[in-house]
Amino acid sequence: MMVVMDKQTITFVKKERVADGTMAFFFTKPDGFTYKPGQYIELTLINPKETDDEGDARVFSLVSTPKHEYLEVAIRMRDSAFKRCLGNLKESEEILLDGPFGAFLLHQDTNKRAVFLVGGIGITPIMSMVRSAEEEKIKRPMTLVLSTRTLGDAPFLSELHEKKENKIMDLLHTVTNEEVSGQDLEHGYISSDMLKKNLTDIDTCIFYVVGPPAMVRAMNKVLEELEVSPDNIKMEEFAGYEKEKGRTE
Ligand SMILES: Cc1cc2nc3c(=O)[nH]c(=O)nc-3n(C[C@H](O)[C@H](O)[C@H](O)COP(=O)(O)OP(=O)(O)OC[C@H]3O[C@@H](n4cnc5c(N)ncnc54)[C@H](O)[C@@H]3O)c2cc1C
């Protein structure tokens, strides 16, 4: 296997649609490559046909678990040079891998509820965490509060409902830009009232906030209103979506 600096070459295996405008990409996993659920990797295109001001590399949280055969990432496919090139990868084409990086990891104390406050594509590191908890048969209280613009925007929605049915976690899905109704469905942004209504043990929960920067900032305010101690909050900002105007979930 070719090694460039500390980057490793991996090959593209396949891609799958996981929501409107969102694709999962699968790559081979180098021998001995290990990571923890919640960590992210950097992918660098090799001799891309086009490039832009942001360069040829981007970071993505892994949605696969360490036990999965392939490295899987899920990406909002918009119109950047990087994403056009990635979307055009053919089976067995190579790309460079660096990482894993990050300390956005589940807390050790399995008695304390993990509450995931997620904006849209921010679901990616949480997927790895809940998939891994199910795989490892770890019983721990987890609640996912997922905010998306539309129902169709929500990545991995049927798998998330399955996890809820299997009692891996509780699920509350709130949709901001279309009217929805149904069990476990809310309308509007995640608010302190919504959390108070749905969580009984706020003082002892550990909150994981992840999504585009505007969403993370908004959740900071919500958690401040609830007087959650900063010690009980972990954040992962998907910088790169900062240039968007307003909120994106
Ligand atoms: C720790 C970390 C983890 C991350 N994990 C992920 C992840 O798992 N998945 C993921 O997708 N990203 C993730 N990101 C973000 C990722 O690294 C990129 O920064 C992000 O995807 C933006 O990609 P891009 O620069 O190619 O531009 P994009 O913003 O995707 O595309 C730019 C182009 O899209 C168009 N555009 C801009 N705004 C809009 C809009 N509102 N609607 C439609 N089109 C628009 C414009 O033409 C613009 O030129 C993560 C970032 C960090 C820091």
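The values are calculated or read from the model by the stated rules, or taken from the named source; none is laboratory data. In this text, all values refer to a predicted model and were calculated from it rather than measured experimentally. Cβ: placed from backbone, ideal geometry, glycine included. Neighbour counts: every protein chain shown. Accessible surface is based on the protein model in full, side chains and every heavy atom, while ligands, DNA and RNA are left aside. Shrake-Rupley method; radii C 1.70, N 1.55, O 1.52, S 1.80 Å.
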**Fill in**
Apart from one, (1) modelled with pLDDT of 95 or more; (2) closer than 12 Å to residue 97 by Cα all hold for residue 4; the odd one out is (1)
**Prompt:** If a residue has to be assigned to a helix (DSSP H, G or I) and open to solvent by less than 10 Å² (accessible area, probe 1.4 Å) to count, how many in segment 202-221 make the cut?
**Reply:** 4
**Asked** Consider residue 248 against the criteria (1) away from the ligand (no atom under 16 Å from the Cβ); (2) among the polar types (S, T, N, Q); (3) modelled with pLDDT under 95: it satisfies all of them except one. Which criterion is unmet?
**Response** (1)
**Item:** Of all residues making up segment 10-42, the number that are open to solvent by 70 Å² or more (accessible area, probe 1.4 Å) and of a type outside the set (Ser, Thr, Tyr)
**Value:** 8
**Complete:** (1) in contact (Cβ under 8 Å) with a residue 60 or more places away in the chain; (2) in contact with a helix residue (DSSP H, G or I) (Cβ under 7 Å, 6 or more places away or on another chain); (3) not assigned by TED's automatic domain parsing to the domain that holds residue 220 all hold for residue 50 apart from (1)
**Message:** Being touching a residue at least 60 places away in the same chain (Cβ under 8 Å) and basic (Lys, Arg) narrows it down to one residue among 197, 234; which is it?
**Reply:** 234
**Asked** What are the residues in segment 136-154 that are among the β-branched types (Val, Ile, Thr), in contact (Cβ under 8 Å) with a residue 60 or more places away in the chain and assigned to a loop (DSSP other than H, G, I, E, B), if any?
**Response** 150
**Asked** Based on what the data block shows, is residue 178 over 17 Å from residue 113 (Cα atoms), part of a loop (DSSP other than H, G, I, E, B) and charged (D, E, K, R)?
**Response** yes
**Request:** Could you tell me whether residue 56 is modelled with pLDDT under 95 and more than 19 Å from the chain's Cα centre (by Cα)?
**Result:** no
**Message:** Just to be sure before I move on: is residue 78 at pLDDT 95 or above and of a type in the set (Lys, Arg) in the structure I sent?
**Reply:** no
**Message:** So in segment 224-243, with the set limited to residues that are open to solvent by 40 Å² or more (accessible area, probe 1.4 Å) and of a type in the set (D, E, K, R), which one is modelled with the lowest pLDDT?
**Reply:** 243
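Among what's in segment 84-96 and is touching a residue at least 60 places away in the same chain (Cβ under 8 Å) and open to solvent by 60 Å² or more (accessible area, probe 1.4 Å), pick the residue that is farthest from the ligand (Cβ to nearest atom).
Filtering first and then ranking leaves 92.
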**Complete:** In segment 101-120, anything open to solvent by less than 10 Å² (accessible area, probe 1.4 Å) and among the aliphatic types (A, V, I, L, M) is listed as 114, 115, 117, 118
**Request:** Mind listing whichever residues of segment 182-200 are in a strand (DSSP E or B) and farther than 21 Å from residue 142 by Cβ?
**Result:** 187
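Results for (1) surrounded by 19 or more Cβ atoms within 10 Å (Cβ to Cβ); (2) within 14 Å of the ligand (Cβ to nearest atom), shown as yes or no for each residue.
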| position | (1), (2) |
| --- | --- |
| 44 | no, yes |
| 55 | no, yes |
| 60 | yes, yes |
| 63 | yes, yes |
| 67 | no, no |
| 72 | yes, yes |
| 82 | yes, yes |
| 99 | yes, yes |
| 128 | yes, yes |
**Prompt:** Of 185, 157, 171, 226, which residue is free of Cβ contacts under 8 Å to residues at least 60 places away in the same chain and within 17 Å of the chain's Cα centre (by Cα)?
**Reply:** 171
**Request:** Go through (1) at negative phi; (2) more than 15 Å from the ligand (Cβ to nearest atom); (3) hydroxyl-bearing (Ser, Thr, Tyr) one by one and return the number of the condition residue 124 breaks.
**Result:** (2)
